[in-house]
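Notes follow once the structure below has been shown.
The values are calculated or read from the model by the stated rules, or taken from the named source; none is laboratory data. Nothing here was measured: the structure is a model prediction, and the numbers come from that model. Every residue, glycine as well, gets a Cβ built from its backbone with ideal geometry; the counts of neighbours run over all protein chains shown.
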Amino acid sequence: MKPLEDRIADHVKQIPRSGIRDFFELVQGRDDVISLGVGEPDFAAPWHIREAAIFSLEKGQTSYTSNLGLLSLRECISDYVEGQFGVCYDAKSEVLVTVGVSEALDLVCRALLNPGDEVIYHEPCYVSYNPSIALAYAVAVGVQTKVEDEFVLKAEDVAAKITDKTRMILLNFPTNPTGAVEPVEELEKIAQLAIDHDLLVVTDEIYSELLYGGDSGMDRGEHISIASLPGMKQRTILLHGFSKAFAMTGFRLGYSCAPNELTEAMMKIHQYSMLCAPIMSQNAAVEALKNGAGEVEKMRRAYARRRNLLLSRFEHMGVPCFSPGGAFYAFPDIRKFGLTSKEFALRLLEEENVAVVPGDAFGSAGEGCVRACYATAYDKLEIALDRIANFVKRL
Amino acid sequence: MDALLELLEKNARLTTAEMGERLGKTATEVEAMLAKLDTDGALLGFHAVIDRDKVGDVLVSALIEVKLTPERDGGFDRLARRIAKFDQVTSCYLMSGGYDLAVIVEGPDLREVAQFVSEKLSTLDGVVSTATHFQLKVYKQSGFLATDTHEDERLPVTP
């Protein structure tokens, strides 16, 4: 019999192990670690949303739904997306409910890319972008964003990567892991590039509610999605979900909004691989969209306060960190300490029992920084920051 | 100002420097904001929210529905303020609906609370009737759940 390693498909073999996974194993083996390495809210989903899920189970709603998702949910999504982004999608034909944005992205790649097609994305970025593209036999072309630019994606850098094989640009603002937001002027230039070169745009809007504007980040800033720019709706796939703003990560629920032809193509794969998203999650999501805005804003304000705390402490300890406009991550620049991201994170873990994620886990552009998630209870956050201060004092 | 009030409502024990760190302000700015709230009379006071069961306290609490005869000038105000002044009364609200005042009364035991109602409250001129409901168990007070068991069960490192 052939060795089992040889049974693994070539394109899967070529995908490297996630740097996050390696670090996770190190952290998991230790006691009393305060982790700023988590990529999800520390809040449980708001009670009224959990209660809606329980109620739907009590009523015996445990069946499959339409492949596209419950029509009642798609109608809510259509209304919500129009309010949030100012773009209208037809609930019956342009909205697809998925198992998280992760599935939606996988569907986009598999449905809309041919082998060898190139997709431009910006690094540092969420860990699944590159592999999702590679698993669709397409080529991921990274554009490096820099700490000096506060991780803004420059349209000129995108332009430099466009070839005759480019099919798609993948955006994520606010960005995991940096918390960066994209100025509308750059977004407009990128939209123009997409139009000029006839490219599709995929925009992952998962953090779009979590913005920190105005007076000390306490105001909700304005978010502009590329889908709302002139001429862009017909070439954009807007991905969004419930995990971050509604604190519903475990419900595994996301959606895509896209022109009917593209939605149909994605649905073809979704119906065979997933059939539909879980009905109890879909019922909970209806409640979230109908009545969740107040809770979302409350959580956003809590993140804003923690963000202020984190930034103020980093400033005091002399750790340079740009002021992130969204998400719940800070991405401090640790280059002045003469350590790599990995060395910094490892020593911080070993010496002070605080976990942050090395920036290079999100692509080589993240080297020189670490990701600190501030979706953590105050008391823990304060202890973690004291420990980080002790650590950098010794460096 | 709203952001400061939101913070105080959750936790009033922070120092002004700590509040400043959370609000993106300096300690001096926070002090000025607090002074303004104080001058405006917006801060009635600060108190701990105590789970009496946990400290073995046997305090008795009752909600008294009070019906009043309104007065020609001032409606319920004069009488309501008079009732609110009693030390035994911890809260007093004018209500819409089937009765006029909701009065929360606390005392060391059942007898004292009952005595307060029968001797002080119901004998006041203008008090038409009272209905006393004793509190049996606390599930949530002042926004805090009595048994909040939400543990952080997230994986320590996730993308």
Among the residues of segment B:1-8, is there at least one that is modelled with pLDDT under 90 and over 15 Å from B:S142 (Cβ atoms)?
-> yes
Do we find a residue being farther than 30 Å from A:K380 by Cα, surrounded by 11 or more Cβ atoms within 10 Å (Cβ to Cβ) and in contact with a Gly (Cβ under 6 Å, 6 or more places away or on another chain) anywhere in segment B:104-121?
-> yes
Here the residues within segment A:145-169 that are free of Cβ contacts under 8 Å to residues at least 40 places away in the same chain and of a type in the set (A, V, I, L, M) are A:V152, A:L153, A:A155, A:V158, A:A159, A:A160
Residues being touching an Asp or Glu at 6+ places or on another chain (Cβ under 7 Å) and assigned to a helix (DSSP H, G or I) - total across segment A:314-340 | 0
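Can you work out which of the residues in segment A:207-239 that are closer than 23 Å to A:A302 by Cα and among the hydroxyl-bearing types (S, T, Y) is surrounded by the most Cβ atoms within 10 Å (Cβ to Cβ)?
Only one residue tops the list, namely A:Y212.
Picking from B:S96, B:S129, which residue would you name as being in a loop (DSSP other than H, G, I, E, B), small (G, A, S) and out of contact with any Asp or Glu (no Cβ under 6 Å at 6 or more places or on another chain)?
Every option except B:S96 fails the conditions.
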Within segment A:32-46, the count of residues that are under 18 Å from A:K244 (Cβ atoms), more than 19 Å from the chain's Cα centre (by Cα) and surrounded by fewer than 19 Cβ atoms within 10 Å (Cβ to Cβ) comes to 0
Can B:K67 be described as farther than 30 Å from A:D379 by Cα, of a type in the set (K, R) and surrounded by 10 or more Cβ atoms within 10 Å (Cβ to Cβ)?
-> yes
Please note which helices (runs of 4 or more DSSP H) are completely contained in segment B:1-86 and include at least 3 residues that are in contact with a Leu (Cβ under 7 Å, 6 or more places away or on another chain) and more than 14 Å from chain A (Cβ to nearest Cβ).
-> B:77-84
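Going through segment A:190-220 one residue at a time, which ones are within 14 Å of chain B (Cβ to nearest Cβ) and either out of contact with any helix residue (DSSP H, G or I) (no Cβ under 7 Å at 6 or more places or on another chain) or free of Cβ contacts under 8 Å to residues at least 40 places away in the same chain (or both)?
Answer for segment A:190-220, where residues must be within 14 Å of chain B (Cβ to nearest Cβ) and either out of contact with any helix residue (DSSP H, G or I) (no Cβ under 7 Å at 6 or more places or on another chain) or free of Cβ contacts under 8 Å to residues at least 40 places away in the same chain (or both): A:Y207, A:G213, A:G214, A:D215, A:D219.
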Listed residues B:V89, B:V138; which is away from chain A (no Cβ under 14 Å) and modelled with pLDDT of 95 or more?
-> B:V89
May I ask you to verify whether A:G29 is surrounded by fewer than 17 Cβ atoms within 10 Å (Cβ to Cβ), out of contact with any Ser or Thr (no Cβ under 8 Å at 6 or more places or on another chain) and either of a type in the set (S, T, Y) or closer than 24 Å to A:C276 by Cβ (or both)?
-> no
Among the residues of segment B:122-159 satisfying the criterion of being under 30 Å from A:L36 (Cα atoms) and surrounded by 15 or more Cβ atoms within 10 Å (Cβ to Cβ), which is nearest to the chain's Cα centre (by Cα)?
-> B:R154
Determine whether segment A:123-130 contains at least one residue that is farther than 23 Å from A:Y329 by Cβ and hydrophobic (A, V, I, L, M, F, W, C).
-> no
Selection count where residues are more than 15 Å from B:K10 (Cβ to Cβ) and either within 12 Å of chain B (Cβ to nearest Cβ) or among the aliphatic types (A, V, I, L, M) (or both), scope segment A:309-331 = 13
Unmet requirement for B:F86, which otherwise passes all of (1) buried (at least 16 other Cβ atoms within 10 Å of the Cβ); (2) touching a helix residue (DSSP H, G or I) at 6+ places or on another chain (Cβ under 7 Å); (3) aromatic (F, W, Y) = (1)
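Can you tell me which residue is surrounded by the most Cβ atoms within 10 Å (Cβ to Cβ) among those in segment A:276-326 that are touching a Ser or Thr at 6+ places or on another chain (Cβ under 7 Å) and of a type in the set (A, V, I, L, M)?
Selected residue: A:A277.
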Output the qualifying pairs, or none if there are none: Cβ atoms under 7 angstrom, residues six or more apart or on different chains, first residue in segment B:144-157 and facing chain A (nearest Cβ under 10 Å), second residue part of a strand (DSSP E or B) and surrounded by 13 or more Cβ atoms within 10 Å (Cβ to Cβ).
-> B:P156/A:S35; B:P156/A:A355; B:V157/A:S35; B:V157/A:A355; B:V157/A:V357
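Just wondering, is there one or more residues in segment A:145-155 that are of a type in the set (A, V, I, L, M, F, W, C), farther than 30 Å from A:R306 by Cα and in the same structural domain as A:L199 (by TED's automatic domain parsing)?
Within segment A:145-155, one or more residues are of a type in the set (A, V, I, L, M, F, W, C), farther than 30 Å from A:R306 by Cα and in the same structural domain as A:L199 (by TED's automatic domain parsing).
Sort out for me the helices (runs of 4 or more DSSP H) sitting completely within segment A:7-102 that have 2 or more residues that are within 14 Å of chain B (Cβ to nearest Cβ) and in contact (Cβ under 8 Å) with a residue 60 or more places away in the chain.
The helices (runs of 4 or more DSSP H) meeting that bar are A:19-28.
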